[in-house]
Amino acid sequence: MAGQGVTCALAVALFIGFLVSIPTVRSIGVCNGILGNNLPSPADVVKLYQSNGIAAMRIYSPHAATLRALAGTDIAVIVDEPAIDQFLTLSAASDWVQSNIKPYQGVNIRYIAVGNEVSGDATRSILPAMENLTKALSAAGFGKIKVSTAVKMDVLGTSSPPSGGEFSDAAVMAPIAKFLASNGSPLLANVYPYFAYKGGDVDLNFALFHPTTATVADDGRTYSNMFAAMVDAMYSALEKAGAPGVAVVVSESGWPSAGGSGASADNARRYNQGLIDHVGMGTPKRAGAMEAYIFAMFNENQKDGDETERHYGLFNPDKSPAYPIKF
C-alpha cells in the first residue's frame with residue numbers, strides 16, 4: 001500500500017512492550033519514505049525525528065545515506081529489503097548482511113522486513129528467505145536483529161468479526177507464523193482503517209478513534225474503533241495458525257490529508273493523534289502497550305497510485321507540520 005517504495009519514516013514505532021518473548025521496547029515510530037524530489041537530507045530528517053521525540057523509523061530499503069545519518073543515535077530502525085530473491089541462498093543472504101548491515105553497526109537496527117506486502121507466487125519465497133537471512137545474521141554476529149515480513153490486511157481471508165480472523169492462504173502463512181514464534185519475532189502488519197472506510201459502509205468516527213454508537217461486540221469484547229478490530233483479527237489468524245504468542249507490530253498505519261474520500265487534514269490529525277493516544281492501551285484481545293509505526297513522515301510528491309498516496313505525511317517537505325500533532 002502506501003508505503004511501498006523506499007524509506008518509511010513511519011517509525012512512529014509505538015514500541016512499548018508486547019506479551020511475547022521479544023524484548024520490551026518503548027518508542028513511537030514513523031515511516032520514512034523518500035519518493036519525493038523536494039525532501040530534506042537524511043541528516044535533516046534524523047534531526048527532525050530527534051527534535052520531535054520520535055524514537056523509531058522504518059525505511060523501505062537499506063538506504064546508505066539514511067543509515068549513515070542514523071549512526072550513533074538511539075533511534076530504533078526497521079530496515080526493509082523488497083528484493084527477497086537476495087535471500088534465496090545462504091550465500092546471497094550472507095553477502096547482503098556484509099553489504100547492508102555490517103557497515104552500520106552504530107545503527108540500532110531492530111527488525112529486518114523480508115518484503116513488504118508480497119503477493120502472488122512470490123509469497124512462497126518468504127519463508128526460505130527469512131530462514132537464510134536469520135542464519136546469515138547469526139553467523140555474522142547480528143543475531144539480536146529479528147527477521148519478519150510485512151503483510152497487508154488482505155492476507156486475511158476473514159477479518160470480521162475480529163475473532164473470526166483467518167489467513168486466506170494458511171499453507172503459506174502458518175509456516176511463517178511458526179517461524180516467527182520459534183525466533184521470537186513479531187509479524188509486521190500494515191493496518192489502514194482508511195481503506196476499510198473508503199471501500200465500505202464504515203462509520204467515520206469508528207475509523208477515526210472518536211466516540212460512536214457504531215461499536216462492535218464480539219466474543220465478549222467490545223470494539224470502539226476499527227484499528228483495534230483489525231489488529232485483533234490478525235491476532236485471531238495467528239492463533240488459528242498455531243502461533244498465539246507472536247506479537248503484531250503495526251508497521252504502517254495512517255490517514256491521508258487530501259486527495260480522496262474522507263481525506264482531509266482534520267481527519268488525518270484525528271486518526272494519527274488517536275493512534276498515538278490509543279496504542280499504549282493495546283487491543284481488547286491483547287491489552288497493554290503495543291508497537292506501531294505511523295505512515296508517513298513526509299508528503300511524497302513522486303509516489304505512484306491514487307492522489308491520496310502523496311498526502312500521508314505528518315510533515316511537509318519544508319519540515320513544517322502538515323497539521324498539529326502531539327507525539
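The values are calculated or read from the model by the stated rules, or taken from the named source; none is laboratory data. Predicted, not measured: the structure shown is a model, and the values here were computed from it. Methodologically, a virtual Cβ is constructed for each residue, glycine included, from the backbone with ideal geometry; neighbour enumeration extends over all protein chains shown. Remember, those area values only see protein heavy atoms, side chains included, never the ligands or the DNA or RNA. Shrake-Rupley method; radii C 1.70, N 1.55, O 1.52, S 1.80 Å.
The slack in the chain from Glu307 to Asp95, taken as 0.36 nm per residue of separation less the alpha-carbon distance, amounts to 72.5 nm. Seen from Lys285, the other residues with C-beta closer than 12 Å to its C-beta sum to a net charge of -2, counting Lys and Arg as +1 and Asp and Glu as -1. Solvent-accessible area per residue in the chain equals 38 Å², computed with a 1.4 angstrom probe and all protein chains kept. Sorted from longest to shortest, the spans of the Cα atoms of the range 241-327 along the three principal axes equal 42, 28, 24 Å.
Of all aspartates and glutamates in the structure, those lying under 14 Å Cα to Cα from Lys47, and not within fewer than 8 positions of it along the same chain, are Asp74, Asp318.
The separation of the range 89-137 from the range 189-255, counted between C-alpha centres, amounts to 29 Å.
Can you send over the carbon and sulfur percentage of the accessible area for the range 29-315, probe radius 1.4 Å, protein chains only? Of all accessible area on the range 29-315, carbon and sulfur atoms account for 49 percent. Between Asp44 and Lys144, the simple label model (points 7 Å from Cα in the Cβ direction) yields a spacing of 3.3 nm.
FRET efficiency for the pair Phe327 and Asp266, taken as 1/(1 + (r/R0)^6) with r the Cβ-Cβ distance and R0 = 30 Å, rounds to 0.95. Report note on the peptides 254-265, 47-58, 290-301: ranked by the mean count of other C-beta atoms within 10 Å, highest first, their order is 290-301, 47-58, 254-265. Exceedance of the 27 Å cut-off in Cα-Cα distance is limited, within the set Lys152/Lys285; Lys198/Lys240; Lys144/Lys178; Lys146/Lys326, to Lys198/Lys240; Lys146/Lys326. Label-to-label distance, Ser51 versus Asp203, with points set 7 angstrom from Cα along the beta-carbon direction: 4.1 nm.
Of all DSSP bridge pairs formed entirely within the chain, close to 35 percent run antiparallel.
Report the net charge of residues surrounding Phe142, where surrounding means a beta-carbon distance below 15 angstrom and charges are Lys +1, Arg +1, Asp -1, Glu -1.
Net charge around Phe142: +3.
For the peptides 204-217, 177-190, 60-73, residues were scored by their other Cβ atoms within 10 Å and the scores averaged per peptide; the highest-first order is 177-190, 60-73, 204-217. Taking every DSSP bridge with both residues inside the range 158-255, close to 50 percent are antiparallel.
Please identify the trypsin sites (Lys or Arg not before Pro) of the range 242-327 that satisfy two criteria: DSSP loop assignment and at most 12 other Cβ atoms within 10 Å. Which are they?
Lys326
Against the empirical 2.2 N^0.38 Å (N residues), the chain has a Cα radius of gyration ratio of 0.92. Set the Förster radius R0 to 41 Å, insert the Cβ-Cβ distance between Thr212 and Asn37 as r into 1/(1 + (r/R0)^6), and round the FRET efficiency to 0.05. The value I calculate is 0.55.
When both the range 283-327 and the range 59-83 are represented by their alpha-carbon centers, they are found 18 Å apart. Taking other residues whose beta carbon is less than 11 angstrom from the beta carbon of Ile59, and scoring Lys, Arg as +1 and Asp, Glu as -1, yields -1.
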